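A short write-up of the structure that comes next.
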Amino acid sequence: MIALASDHAGFAYKEKTKELLTQLQIPYKDFGAHSSEASDYPDFAHAAAVSVSHGECDRGIFICGTGVGMSIVANKHKGVRAAAVESVAAAELARKHNNANVLCFGERLLQWDAAEKIITAFLNTAFEGGRHERRVNKIHSLTSC
Ligand code: RB5
């Protein structure tokens, strides 16, 4: 189950992401926003990040104007590893090396075709484990999250 979140600035791409996930037959839960009316990204990012932190959702895709605000909020939550990315290469490496479980990006920074490729890379790339596992474990063992 994929947790989806946006604010007004990411709303249109969140709706497109829902269409993409439906095509791919991947279930999702939409934590809002539910319109392009001005809203506050932490409201939706916190709710969706809790669902990843608690294991209700395996991964998340959070979209705002830049992806930055969403990633800052998401990374406050225990067990969440959110990556704000703007390229397929970064999305792949965020999975391979960081085992990122939340993808964040900005509707104001990416064309939809680029965003779609980034989402696909995030969904299809596995964590490499090995030396990266030790490092990822340290993210959580050396901090409260
Ligand atoms: C909203 O204007 C914008 O600040 C927000 O979507 C996001 O980019 C914050 O990081």
Hey, can you tell me all the residues within segment 63-84 that are part of a loop (DSSP other than H, G, I, E, B) and either surrounded by fewer than 24 Cβ atoms within 10 Å (Cβ to Cβ) or more than 9 Å from the ligand (Cβ to nearest atom) (or both)? G65, T66, N75, K76, H77, K78, G79, V80, R81
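Output the residues belonging to segment 58-79 that are out of contact with any Lys or Arg (no Cβ under 6 Å at 6 or more places or on another chain), among the hydrophobic types (A, V, I, L, M, F, W, C) and closer than 20 Å to A121 by Cβ.
Within segment 58-79, I61, F62, C64, V68, M70, A74 meet the criteria.
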Within segment 48-97, can you find the residues that are farther than 19 Å from K18 by Cα, in contact (Cβ under 8 Å) with a residue 40 or more places away in the chain and among the basic types (K, R)? K76, K78, R81
Residue among A126, A115 that is in contact (Cβ under 8 Å) with a residue 24 or more places away in the chain, of a type in the set (G, A, S) and part of a helix (DSSP H, G or I): A115
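Every number here is computed from the coordinates shown, using simple stated rules; none is lab data. Just so you know, these numbers come straight off a predicted model, no measurement behind them. Heads up, the Cβs are rebuilt from the backbone with ideal geometry, glycines too, and the neighbour counts pull from every protein chain shown.
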